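Accompanying notes for the structure given below.
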Amino acid sequence: MHRITLDPGGSAFDAGEETILNAALRQGVALPYGCRDGQCGACKAQVLAGEIEYPEGAKTTALSDTEARRGYCLCCQARARSDLILRIPEAGGGAAPEVRTLPARVARLERLSHDVMGIWLQLPSSERLVFRAGQYIEILMRDGRQRAYSLANAPHDDEFLQLHVRHYPGGVFAEYAFHALKARELLRIRGPYGSFCMREDSGRPAVFVAGGTGFAPIKAVLEHAFAKGVPQPLRLYWGVRATRDLYSPLPRQWAAEHANFSWEPVLSEPLAEDHWGGCRGLVHETLAARHPDLSTYDIYTCGPPVMTKSVADVAIRHGAPAERIYSDAFEFAAK
Ligand code: FES
C-alpha cells in the first residue's frame, strides 16, 4: 500500500494495485474524473513527489508528451509505485456537488439543427440538482447502459436541465432521442460529474474552443460567467462542418450584449450554398493562427478527443501552461 496525499488540501488515501482514481473513490475522496478511459483528461494530476506507473494496456490519449515530461499523470490509468504527493487542479473551489440519481421528465424536445436535438428535462418540484456550470449528467437507460451528456444550462437557470444530443447512426441514446423519445416521458438521470468548470477568479483572459455539440458545456460556462459579470476577455472558437451545424444563435447575441465576449465560427467543410467567406479549416489551426502567444490565457476546450488533444497541443506549443488547459473530451459512443 502507498499513501497518496493531495496538494492543496492535504487529504490522503491509500492505494495498492488499483488505479489512483479507483483507490480515491473507494475511500470516499472526490477526485475529478470524466471518462475513466484515458480520453478526457479530467483526472489529470501533477506528481509533485513519488513515482507512478501505467499498467500494460493503459490508455493515456489525453496526456500530451509535454505534460508527461512535466510530471502530469492520468489518475484513472496510473498506479502508485511509491507514496505520492499529487497536485490536482481544483474544480472551481469548494466541495464537489453531491451525485444524485433522480427522475427527470422531458419537458420539451426541439430540433436545433439537422442532427442536434435539444432536450429540456424537469425534475420533480421538490428536487433540485446542485451542479457547476460545465458539468455533465448520465442518462440511465432501461437496459442498464448509461450515456453521458453535458448540461448546457448554467446553475442560475435551472428550471430545466438542457441537453444537446447529436444524432449519429447506432448511437444508443441518440437514436432513441431522435426517433422514440416523447415529451412528458420520464427518464432517470445521475450526476453531476466532471470538472470542466471555469476558473473565473484567475482573472486571465479565457479562450474557449468547441467542436460540434462541445458547445453545450461551454454555453453553460459562458452564461455563468455573464451572470457573474466576470470582466476578463472571453473568446470563443466554434468548429463545425458547415453553417447548418452552427445550431445556436447565442454566440452572435452574446457578442452584441457583452463587450468582453467575441467569437469566430470555423467551418471545416462548408457547403456550396453556405457561400462561406469566414474562417475555414480545423478549429485548432485557427487557434494557432490567431494566437501566437497563449501564455497569459486559460484555455477551455470541449469536443471529440482528437480535437481537444490537438487544441491542447497547439496551446502548449504557443506557451500555455498545461495546468491552464481544461478539456472535456467525449466520444460519440460515450456522450
Ligand atoms: S477520467 Fe481519466 S482521462 Fe478521463
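Condition check ((1) in a loop (DSSP other than H, G, I, E, B); (2) in contact (Cβ under 8 Å) with a residue 40 or more places away in the chain; (3) away from the ligand (no atom under 16 Å from the Cβ)) across all residues:
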residue	(1), (2), (3)
L86	no, yes, no
R108	no, yes, yes
A152	yes, yes, yes
Q162	no, yes, yes
Y168	yes, yes, yes
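Among the residues making up the range 234-293, those that are free of Cβ contacts under 8 Å to residues at least 12 places away in the same chain and outside any helix (DSSP H, G or I) are P249, A259, H275, G277. Annotation: of all residues in the range 150-162 being at pLDDT 95 or above and not small (G, A, S), the one that is surrounded by the most Cβ atoms within 10 Å (Cβ to Cβ) is L151.
Residue check: is E98 in a loop (DSSP other than H, G, I, E, B), away from the ligand (no atom under 12 Å from the Cβ) and not small (G, A, S)? Considered against the rule, which asks whether it is in a loop (DSSP other than H, G, I, E, B), away from the ligand (no atom under 12 Å from the Cβ) and not small (G, A, S), E98 comes out as yes. Which condition does I139 not pass, out of (1) of a type in the set (V, I, T); (2) more than 18 Å from T301 (Cα to Cα); (3) touching a residue at least 60 places away in the same chain (Cβ under 8 Å), if it passes all the others? Answer for I139: the failing condition is (3).
If you go through the range 44-59 and keep only what is of a type in the set (G, A, S) and over 8 Å from C73 (Cα atoms), you end up with A49, G50, G57, A58.
Between A133, A62, the distinction of being in contact with a His (Cβ under 6 Å, 6 or more places away or on another chain) and assigned to a loop (DSSP other than H, G, I, E, B) belongs to A133 only.
So which residues in the range 69-83 are surrounded by fewer than 19 Cβ atoms within 10 Å (Cβ to Cβ) and either touching a residue at least 40 places away in the same chain (Cβ under 8 Å) or within 13 Å of the ligand (Cβ to nearest atom) (or both), if there are any at all? Within the range 69-83, R70, R81, S82, D83 meet the criteria.
Evaluated against (1) at pLDDT below 85; (2) more than 15 Å from the ligand (Cβ to nearest atom); (3) closer than 26 Å to T301 by Cα, S64 falls short on exactly one condition, (2).
The values are calculated or read from the model by the stated rules, or taken from the named source; none is laboratory data. Please read all numbers here as calculations on a predicted model, not as lab measurements. Here the Cβ is made from the backbone with ideal geometry for all residues, glycine too, and neighbour counts use every protein chain on show.
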